[in-house]
Amino acid sequence: MAVAILVTQELKDKNTAFFSNNNVGTIVIKTIPDVFNGAENINAGGYKGRTDLQDLDGWKEVIKPSYNTQTQKLNGLIDGGNVFTYEVIELTEAELEARIPNQISKLNFKIGLLTNHGITNDMVQEFFNTLEDPIQKATLELLWFESSFFERNDPNLVNFAPALGLSVDDLKQIFIDFDGY
């Protein structure tokens with residue numbers, strides 16, 4: 001069980017070495033020491049066993065709240081009354097974007113296309129057959145049939161996705177849903 005305490009000026013003054021790296025007003029996770037000067041000065045040991053004094057001095061259990069790790073993160077400790085807990089905050093757009101894998105296996109991508117959008121290899125080949133530029137067609141076919149993986153921001157993938165009725169957000173969702181599938 002983790003415990004923490006709010007650093008006050010009085011506690012810092014009485015326990016200089018213990019709080020030397022902590023600022024007044026911060027909540028810090030610490031191991032309860034055997035020697036501590038608070039409501040009573042315990043200089044000879046035994047503070048660990050004095051839960052009555054620990055409560056008076058402000059020691060509280062640290063509780064980790066449940067949260068959605070896909071869209072939220074834990075921030076600093078906050079006072080939750082009889083416990084300390086972590087503030088849960090929403091991930092920023094940049095943090096959410098950074099969590100999207102940059103590449104996934106070809107198999108996972110194709111399963112994502114089929115599962116999320118009903119797009120088959122034959123449908124992709126039909127699109128390739130509509131291309132007039134033989135170099136572009138050959139390049140896309142090589143990428144489609146011979147690549148080991150697909151990169152999310154590959155211009156070839158991004159440029160031909162609309163022809164299959166896919167948006168950039170659709171592609172992102174496939175990379176999210178089928179990473180490690």
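Return the residue satisfying two criteria in turn: it lies in the range 76-118 and is among the β-branched types (V, I, T) and under 30 Å from T26 (Cβ atoms), and of such residues it is farthest from the chain's Cα centre (by Cα).
V83
Checking Q70 against (1) within 15 Å of I29 (Cα to Cα); (2) without any contact (Cβ under 8 Å) to a residue 60 or more places away in the chain; (3) open to solvent by 70 Å² or more (accessible area, probe 1.4 Å), which test does it fail?
Failed condition: (1).
Out of I42, I89, I100, which single residue is within 30 Å of E141 (Cα to Cα) and of a type in the set (A, V, I, L, M)?
I100
Tell me, please, whether a residue that is open to solvent by 50 Å² or more (accessible area, probe 1.4 Å), in contact with a Ser or Thr (Cβ under 6 Å, 6 or more places away or on another chain) and more than 30 Å from L6 (Cβ to Cβ) can be found in the range 118-126.
Looking through the range 118-126, none of the residues is open to solvent by 50 Å² or more (accessible area, probe 1.4 Å), in contact with a Ser or Thr (Cβ under 6 Å, 6 or more places away or on another chain) and more than 30 Å from L6 (Cβ to Cβ).
Among residues belonging to the range 151-181 that are of a type in the set (G, A, S) and open to solvent by 20 Å² or more (accessible area, probe 1.4 Å), point out the one that is modelled with the lowest pLDDT.
Looking at the filtered set, the residue picked out is G180.
Residues of the range 118-152 being outside any helix (DSSP H, G or I), polar (S, T, N, Q) and over 23 Å from D179 (Cα atoms), which ones?
Matches in the range 118-152: T130 only.
Return the total of residues in the range 73-99 being surrounded by 14 or more Cβ atoms within 10 Å (Cβ to Cβ) and either among the charged types (D, E, K, R) or in contact (Cβ under 8 Å) with a residue 40 or more places away in the chain (or both).
3
Against the definition (modelled with pLDDT under 95, over 30 Å from V28 (Cα atoms) and of a type outside the set (V, I, T)), how does N121 come out, yes or no?
When the stated conditions are applied, N121 passes them.
Of the conditions (1) in contact with an Asp or Glu (Cβ under 8 Å, 6 or more places away or on another chain); (2) of a type outside the set (G, A, S); (3) surrounded by 15 or more Cβ atoms within 10 Å (Cβ to Cβ); (4) touching a residue at least 40 places away in the same chain (Cβ under 8 Å), F36 fails just one. Which one is it?
(4)
Any residue at all in the range 91-111 that is assigned to a helix (DSSP H, G or I), under 30 Å from Y67 (Cα atoms), of a type outside the set (A, V, I, L, M, F, W, C) and touching a helix residue (DSSP H, G or I) at 6+ places or on another chain (Cβ under 9 Å)?
yes
For the structure I just gave you, tell me whether S105 is among the polar types (S, T, N, Q) and open to solvent by less than 60 Å² (accessible area, probe 1.4 Å).
yes
The values are calculated or read from the model by the stated rules, or taken from the named source; none is laboratory data. Every value quoted in this text rests on a predicted model; they were computed, and no experiment measured them. Positions of Cβ are backbone-derived with ideal geometry, glycine not excepted, and every protein chain shown enters the neighbour counts. Calculation scope for accessible area: heavy atoms of the full protein, side chains included, ligands and nucleic acids excluded. Shrake-Rupley method; radii C 1.70, N 1.55, O 1.52, S 1.80 Å.
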